[in-house]
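S.K.: Let me begin by handing over the structure; questions about it come next.
The values are calculated or read from the model by the stated rules, or taken from the named source; none is laboratory data. As the structure is a prediction and not an experimental result, all values here were calculated from the model. Methodologically, a virtual Cβ is constructed for each residue, glycine included, from the backbone with ideal geometry; neighbour enumeration extends over all protein chains shown. For the accessible areas, the whole protein counts, side chains as well, though only heavy atoms, and no ligand, DNA or RNA atoms are used. Shrake-Rupley method; radii C 1.70, N 1.55, O 1.52, S 1.80 Å.
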Amino acid sequence: MLGALFFRNPRLLILTLAIIVVSGLAAYNLLPRREDPQLTARFAIITTPYPGATASRVEALVTEKLEDALRERDEIKVMYSSSRPGISIIQVDLRDDIDDVDPIWSRLRDEIARVPLPDGTGTPDLDDLDVDAFALILGFRWTGQGDAPLSIMQRLAEDLEHRLRNVSGTKETRLFGISPEEVRVEIDPARLATLGLSTERVAAAVRATDSKVSAGQLRHEATNLLIEVDGELTSLDRLRDTPLRYGAGGAVVRLGEIATVERGRLDPPPEIALLDGEPGVSIGVLMQPRERIDRWSERSRAVIDEFRATLPSGVTLELLFDQSTYTERRFDNLLMNLLMGGLFVFLVVFVVMGWRSAVLVGVSLPLSALMVLSGMRLVGLPIEQMSVTGLIIALGLLIDNAIVMVDEVRHRLRDGETAGTAVRGAVDRLSIPLLGSTLTTTLSFMPLVLMPGPAGEFVGGIGLSVILAIISSFLLALTVVPALTGLLGDGKRGGQPGFLRNGVQSETMLARYDGVLRVLFKHPILAVLFAL
């Protein structure tokens with residue numbers, strides 16, 4: 001048996017312990033860390049503008065046609081639609097058993113692009129929703145006098161966004177509170193009427209000046225690219241010089257002579273970011289799913305600190321949210337639970353079984369935890385709040401197999417068996433019962449692992465980490481634990497065993513316990529009722 005094999009070959013035992021420790025520490029160093037589990041984005045919103053149409057026309061001419069086309073896709077679980085004046089909104093939810101969603105979204109985009117819609121309808125836009133949480137959220141705030149210079153803060157935010165996007169491990173960055181720039185042309189109506197022009201003719205002249213004419217195509221067996229020439233409107237002065245013809249004689253007047261041309265922000269802005277009630281600009285940063293949040297956050301904060309030193313007076317950059325602090329807190333909680341659990345296990349086992357048993361059982365706890373980390377790396381389970389919760393739940397289960405095995409081996413040693421015989425006999429006797437208890441616990445947590453959809457993706461880490469812990473404890477109980485017990489066991493018989501050697505011993509309690517067991521074994525139905 002395995003236990004006897006490890007007992008007869010101490011070098012193999014030492015090598016196994018070294019592999020467990022090294023692989024566990026390596027997994028601890030390499031496993032991804034984040035606050036929440038990674039969820040699959042199975043939700044999308046299809047937005048289709050239909051300017052000027054009533055809600056009933058939008059429903060009949062746009063929403064129903066798109067829904068009829070989407071119903072043909074069996075990947076869709078449910079759809080919700082809303083038709084309002086000028087716009088159609090359809091929410092699409094995919095089935096819970098679908099994991100690879102990108103090809104499906106691509107096919108759905110092709111599907112809705114082929115739907116015949118009435119003239120004047122905008123292109124349907126399918127936006128698959130990202131369910132990932134921001135790892136960092138930053139905010140630019142104005143602390144100077146007067147109104148906040150949003151244009152300056154927006155340019156600073158765009159610069160910082162570009163730098164954070166280049167940090168290794170960054171998945172995506174998003175700006176909030178940004179108001180796009182626009183060129184505003186305010187025409188003098190009196191001057192326009194004097195020249196006999198209309199706003200439509202002015203707009204047509206501006207469009208003609210900025211027309212982008214195709215300059216040809218670049219054909220390749222893999223691509224087909226359209227080449228266009230840049231427009232003429234590259235500056236405000238060029239726009240002011242746009243010629244406008246008027247009158248029967250074809251006289252020409254410049255746009256700048258009859259209109260005011262200036263650059264500004266879109267008013268009203270499409271969105272506003274408020275920091276403590278004051279307008280500002282914020283940046284949200286998403287991290288790659290296979291990164292360690294602590295290391296990535298450290299690299300990002302270095303970039304932020306370097307950028308903060310270059311800010312102009314009156315503009316402050318604040319770190320509003322840092323996911324790494326929550327992740328580190330949870331992991332510290334796990335380490336504290338492991339430490340306290342190991343300490344209490346040692347004390348309890350020391351009192352009732354002696355110091356050798358306490359050492360053997362106490363060693364099995366960190367060894368099991370290291371094996372769990374190696375297993376998490378093998379199955380691709382990151383360190384996040386659900387997997388950490390599963391490890392904390394499993395702390396009380398990790399030592400059961402070790403306690404049973406240590407007690408069995410030491411009983412056999414006290415009965416006079418040699419160490420090798422005691423180890424072999426204990427493993428032969430307990431392997432099947434321990435396997436049964438391991439399987440029942442594993443099967444009880446399997447529904448969490450097999451649960452489909454977002455709920456299963458979120459809580460599945462609990463069941464998977466508990467199962468890994470139970471299996472690790474079982475493997476140690478059949479190999480390392482009995483071998484160590486046989487090597488550390490003194491095998492002494494007779495005499496008066498001391499407290500340090502065997503813990504608290506009470507013949508009275510032992511006799512009563514033995515009597516209860518005899519009665520229960522003699523009356524199995526009574527034992528079952530007592531257990532219930």
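S.K.: Report the calculated FRET efficiency for Tyr80 and Asp237 (r = Cβ-Cβ distance, R0 = 56 Å), to the nearest 0.05.
M.R.: 0.65
S.K.: Ok, one more. Taking the structure as given and computing Cα Rg over 2.2 N^0.38 Å, which label from (1) 1.37; (2) 1.50; (3) 1.04 fits?
M.R.: Evaluating Cα Rg over 2.2 N^0.38 Å on these atoms matches (2).
S.K.: Below 8 Å between Cα atoms, with a sequence gap of 6+, how large is the relative contact order for the chain in percent?
M.R.: 21 percent
S.K.: Report the label-to-label distance for Leu526 and Arg11 in nanometres (one decimal), using points 7 Å from each Cα along the Cα→Cβ vector.
M.R.: Using points 7 Å along Cα→Cβ, the separation is 5.7 nm.
S.K.: Let me ask something else about it. Please turn the phi angles of region 47-63 into ³J(HN,Hα) values with the Karplus equation 6.51 cos²θ - 1.76 cosθ + 1.60 (θ = phi - 60°), one per residue in order, whole Hz, x for glycine and proline.
M.R.: Per residue, the Karplus-derived 3J(HN,Hα) values read 10, 10, x, 9, x, x, 8, 6, 4, 5, 5, 4, 5, 6, 9, 10, 4 Hz.
S.K.: Where in the chain are the helices, taken as whole DSSP H runs, whose Cα atoms extend 18 angstrom or more along the long axis and whose Kyte-Doolittle mean reaches at least 1.0?
M.R.: Taking the DSSP H segments of the chain (at least 18 Å long, mean hydropathy at least 1.0), we get 10-30, 355-379, 385-398, 453-478.
S.K.: In Å², and per residue, what accessible area does region 391-438 have when probed at 1.4 Å with the other protein chains present?
M.R.: In whole numbers, region 391-438 has 41 Å² accessible per residue.
S.K.: Ok, one more. If R0 is 22 Å, what FRET efficiency do you get for His411 and Met340 from their C-beta distance, rounded to 0.05?
M.R.: 0.15
S.K.: What's the FRET efficiency of Asp514 with Ile432 using the Cβ-Cβ distance as r and R₀ = 30 Å, to the nearest 0.05?
M.R.: The pair Asp514/Ile432 has a calculated efficiency of 0.80.
S.K.: Per 0.36 nm of contour for each residue apart, how much would the distance between Ala208 and Thr123 grow if the chain were fully extended, relative to their Cα-Cα spacing?
M.R.: 28.2 nm
S.K.: Moving on to the next point. Could you look at region 333-454 and say what percent of its accessible area is carbon and sulfur, using a 1.4 Å probe and all protein chains?
M.R.: Answer for region 333-454: carbon and sulfur cover 73 percent of the accessible area.
S.K.: Also: For the chain, give the share of DSSP beta bridges that are antiparallel, in percent and rounded to the nearest 5; count only bridges with both residues there.
M.R.: 95 percent
S.K.: For Gly264, what is the net charge nearby, where nearby means another residue's Cβ is under 9 Å from its Cβ and Lys, Arg count +1, Asp, Glu -1?
M.R.: It works out to a net charge of -1.
S.K.: What length, rounded to one decimal in nm, is gained on full extension from Leu25 through to Thr54, with 0.36 nm per residue of separation minus their alpha-carbon distance?
M.R.: Extra length available between Leu25 and Thr54 comes to 4.0 nm.
S.K.: If the reach is capped at under 15 angstrom between alpha carbons, list the aspartates and glutamates near Lys522, excluding any in the same chain fewer than eight residues apart.
M.R.: The qualifying aspartates and glutamates are Asp514.
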